[in-house]
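The values are calculated or read from the model by the stated rules, or taken from the named source; none is laboratory data. All values reported here derive from a predicted model rather than from experimental measurement. Note that we place each Cβ from the backbone using ideal geometry, even for glycine, and neighbour counts take in every protein chain shown. The protein model used for the area step is the full one, side chains on, heavy atoms only, and it has no ligands, DNA or RNA in it. Shrake-Rupley method; radii C 1.70, N 1.55, O 1.52, S 1.80 Å.
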Amino acid sequence: MAASSASHANETARRYASALFDLAKDKGELATVDSDLKSLTAMAADSEDLRRLLESPAFAREDKAKALQALASAAKLSTLVSNFLATMATNGRSSDITGAASHFDQLYAKHRGVKRAVARTAEEMTAEQRQKLEAILAKAVGSDVELETEVVPALIGGIQLRVGSTLVDASVASKLERMNTAMKGA
């Protein structure tokens, strides 16, 4: 039942994101909306109070809508995003806002012909390493690449790279795990 609920929420976020994308495209505000939604997502990541407002059923829908519009105004977010937040809250979908923002970002990247990649390393990559990796990936996938990096000390060394649904795991931790498994089978 929980998986069904999660997939329903995911589909709801996709539908709202698609509608917002079409509207922003018609109004020529794709870049602004994408930037505003990224700002909102960052605010939600940094604020437990905002996450509580979005997730909690204890707040009335209208109160959530007013609070989100006030936040949008204070953060100088576009009218389109402000109205979008209020609509989702009024429709009881405030918990899907960050998911919708993520889906919007994916639609915008696809619209621009940009592929997304995530590189996980044990230590922070240098600017030179990042540029080299972006160039290699762009050549491999045949389009521009936006690279997101994450530091995961448990990898010990090496890299985990995800482009779309493809994962390349060349981390030391993964190699040690494969060796351990092979030795147990021997």
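Odds and ends about this structure:
- With the helix formula -39500 (n - 2.57) applied to DSSP H stretches of n ≥ 4, the chain reaches a computed 222 nm mean residue ellipticity of -21500 deg cm²/dmol.
- Local charge for Gly113 was computed over the other residues whose Cβ lies under 13 Å away, with Lys and Arg +1 and Asp and Glu -1, and equals +2.
- Taking GluC sites (Glu not before Pro) across the stretch 91-139, the ones in a DSSP loop with at most 16 further Cβ atoms lying within 10 angstrom of their Cβ are Glu123, Glu124.
- Estimated dipole of the chain in Debye, rounded to 20 [Cβ of Lys and Arg +1, of Asp and Glu -1, Cα centre]: 440 debye
- Reachable aspartates and glutamates, given that their alpha-carbon falls under 20 Å from the alpha-carbon of Lys64 and they are not under 8 places away in the same chain: Asp36, Asp46, Glu48, Asp49, Glu55, Asp96
- The stretch 97-115 and the stretch 136-186: distance between their alpha carbon centers, rounded to Å: 24 Å
- In the stretch 114-185, a dipole from Cβ-located charges (positive for Lys and Arg, negative for Asp and Glu) runs towards its positive end, and of Leu137, Met125, Ala182 it is Ala182 whose Cα lies farthest in that direction.
- Helix axis angle, 172-185 relative to the chain longest principal axis, alpha carbon, degrees: 60 degrees
- Difference of contour (0.36 nm per residue) and Cα-Cα distance, Asn83 to Asp49: 10.2 nm
- Relative to the dominant Cα principal axis of the chain, helix 30-46 is inclined by about 80°.
- Cα gyration tensor shape of the stretch 2-116, rounded if a/c is under 1.5, else prolate or oblate by comparing a/b with b/c: oblate
- Taking each of Lys38/Lys132; Lys25/Lys66; Lys115/Lys175; Lys27/Lys110 in turn, the alpha-carbon distance tops 20 angstrom for Lys38/Lys132; Lys25/Lys66; Lys115/Lys175.
- The stretch 31-116: trypsin sites (Lys or Arg not before Pro) in DSSP loop, at most 15 other beta carbons within 10 Å: Lys76
- The chain - percent of accessible surface contributed by carbon and sulfur, probe 1.4 Å: 54 percent
- Peptides 95-101, 167-173 ranked from most to least packed give 95-101, 167-173, packing being the mean of other C-beta atoms within 10 angstrom over each peptide's residues.
- Between helix 97-112 and the chain: long-axis angle, C-alpha atoms, 0 to 90°, nearest 10: 70 degrees
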